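The values are calculated or read from the model by the stated rules, or taken from the named source; none is laboratory data. Just so it is clear, the model here is predicted, and its values are computed rather than measured. Cβ sites come from the backbone with ideal geometry, for glycine too, and all protein chains shown count toward neighbours.
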Amino acid sequence: MKLTVTQLAGRIGAELVGDGSGQISGVGAIESAGKTEVTFIKDTERYGTRSGGLTDAHHTAMLQSSKAGAVIVSRRIEGLDRPQLIVRNVDAALIKALNVFAPKLKAPSAGVDSTAKVGQDVKIGPGAAVGPYVVIDDRVEIGANTVIAPGCRIGEKSRLGNNCRLDSNVVVYHDCTIGNNVIIQANTTIGSTGFGYCFIDGSHQLVPHNGGVVIEDFVEIGANCCVDRAKFGNTVIGAGTKIDNLVQIAHNVIIGKCCLIAGQGAISGSCKLGDRVVLGGQVGLVDNIEIGDGAMVGAKAGVMRSVGAGEQVLGIPAIERKEALRVMSLSVRLPKLAEQLKQLIKRMKRLEAAKDNKE
């Protein structure tokens, strides 16, 4: 698809400054965008420098050397020699632009593919698409316009809401409930047996996991994730939560609404996360702790205790962010400090030896 800059401005709700006749066919980064691509910069006065750490001056300097055909900005940049699309929220405008130029893939056909295996008493809503070699067990319910890609397996008595998308080879075990507008990417497993054992008579014996999994509306789960079923009750993922690839969510975990969980994280059994919690990449939580509303846990942190609402923690074990940064700063200096300590010890020994000689 190609649009003029003027047409793109209309599609993303931007005020156009400059020539709008140029053709735009995609979105690119400042350093790599070509003349038919639109790029973007964020106003660090509004958004801060956390994403990439660049200041406005750095952004503007990069933009001057960029070959992009237009730029999305939150305020006008004086002296810039290319069209500017001024918006209130750069992130929101960028999402719109990316959607405009997204690849137009063939939509799956509604209905059940001839190679799919469908059990008894299965209810499939209007407009739903069940792809090749899907297996749907007895008494499953699938909502309207839900898409189940090739190779998926839906276990007995599980329910999927409307407008969901399950990518290839997703497995949903029995007695799981998935809400509306849920996206689950390829090879993810929902409702597997949790990791719960008791050492009895000389061996580890599996504790039965008779509960289920509840995934609420507008949840998105990345590829190759595992969400274990509960021992009793349900493992719950709250509405609007987004989960990256390769995340493990153990049995009886409760995750609140609108949380963000980055890749390779692991949440141990019976943890409870409040609303709007953010977990960085490779974060690990020990079992039976609580993370309060709005708390943030930095990448690679090992969380050994409950974290209060709004707290920010880092490190292994995770501690308050400012204190953790001080510890990290000192750890970098440890070799130098160790050498200084070694020299001080030598000096003290020489002084003590000199004192002994005088006595």
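Answer yes or no as to whether Ile254 is surrounded by fewer than 21 Cβ atoms within 10 Å (Cβ to Cβ), out of contact with any helix residue (DSSP H, G or I) (no Cβ under 9 Å at 6 or more places or on another chain) and at pLDDT 95 or above.
yes
One residue is enough: does region 309-319 have a residue meeting the conditions out of contact with any helix residue (DSSP H, G or I) (no Cβ under 9 Å at 6 or more places or on another chain), under 19 Å from Gly274 (Cα atoms) and at pLDDT 90 or above?
yes
Can you pull out every residue in region 234-270 that is part of a strand (DSSP E or B), among the aliphatic types (A, V, I, L, M) and more than 9 Å from the chain's Cα centre (by Cα)?
Hits for region 234-270 are Val236, Ile237, Ile249, Ile254, Ile255, Ala266, Ile267.
Could you list, in sequence order, the residues of region 81-127 that are surrounded by 15 or more Cβ atoms within 10 Å (Cβ to Cβ), within 30 Å of Ser158 (Cα to Cα) and within 27 Å of the chain's Cα centre (by Cα)?
Pro108 - this is the single residue of region 81-127 that is surrounded by 15 or more Cβ atoms within 10 Å (Cβ to Cβ), within 30 Å of Ser158 (Cα to Cα) and within 27 Å of the chain's Cα centre (by Cα).
Within the set of pairs 6+ apart or on separate chains, which have a first residue in region 280-294 that is β-branched (Val, Ile, Thr), a second that is assigned to a loop (DSSP other than H, G, I, E, B), and C-beta atoms under 6 Å apart?
As it stands, the answer is Val283/Gly265; Val283/Ala301; Val286/Ser268; Val286/Met304; Ile289/Cys271; Ile289/Ser306; Ile291/Val277, since those pairs meet every condition given.
Please specify each residue of region 219-232 satisfying the condition of being over 10 Å from His251 (Cα atoms) and either part of a loop (DSSP other than H, G, I, E, B) or touching a Phe, Trp or Tyr at 6+ places or on another chain (Cβ under 9 Å) (or both).
Val219, Gly222, Ala223, Asn224, Cys225
Restrict the check to region 210-224 and report whether at least one residue is free of Cβ contacts under 8 Å to residues at least 40 places away in the same chain and closer than 23 Å to Met304 by Cβ.
No, region 210-224 contains no residue that is free of Cβ contacts under 8 Å to residues at least 40 places away in the same chain and closer than 23 Å to Met304 by Cβ.
Tell me, yes or no, whether region 262-273 has at least one residue that is in contact (Cβ under 8 Å) with a residue 40 or more places away in the chain, surrounded by 17 or more Cβ atoms within 10 Å (Cβ to Cβ) and closer than 25 Å to Val207 by Cβ.
yes
Restricting attention to region 101-111, does a residue exist that is at pLDDT 95 or above, farther than 20 Å from Ile24 by Cα and not in a loop (DSSP other than H, G, I, E, B)?
Looking through region 101-111, at least one residue is at pLDDT 95 or above, farther than 20 Å from Ile24 by Cα and not in a loop (DSSP other than H, G, I, E, B).
Of everything in region 172-218, what is within 20 Å of the chain's Cα centre (by Cα) and of a type in the set (Val, Ile, Thr)? Give them in sequence order.
Within region 172-218, Ile178, Val182, Ile183, Ile184, Thr188, Thr189, Ile190, Val213, Val214, Ile215 qualify.
Before we move on, is Val71 among the β-branched types (Val, Ile, Thr) and out of contact with any Pro (no Cβ under 8 Å at 6 or more places or on another chain)?
no
Among Ala230, Ala223, which is the only one that is touching a Leu at 6+ places or on another chain (Cβ under 8 Å) and either over 23 Å from Gly125 (Cα atoms) or buried (at least 18 other Cβ atoms within 10 Å of the Cβ) (or both)?
The match here is Ala223.
Applying the selection to region 264-281, what residues are among the polar types (S, T, N, Q) and within 17 Å of Ala295 (Cβ to Cβ)?
Correct list: Ser268 only.
Name every residue in region 1-24 that is among the hydroxyl-bearing types (Ser, Thr, Tyr) and touching a Leu at 6+ places or on another chain (Cβ under 8 Å), in order of residue number.
Thr6
Name the single residue, out of those in region 12-42 being charged (D, E, K, R) and surrounded by fewer than 17 Cβ atoms within 10 Å (Cβ to Cβ), that is nearest to Arg75 (Cα to Cα).
Only one residue tops the list, namely Glu15.
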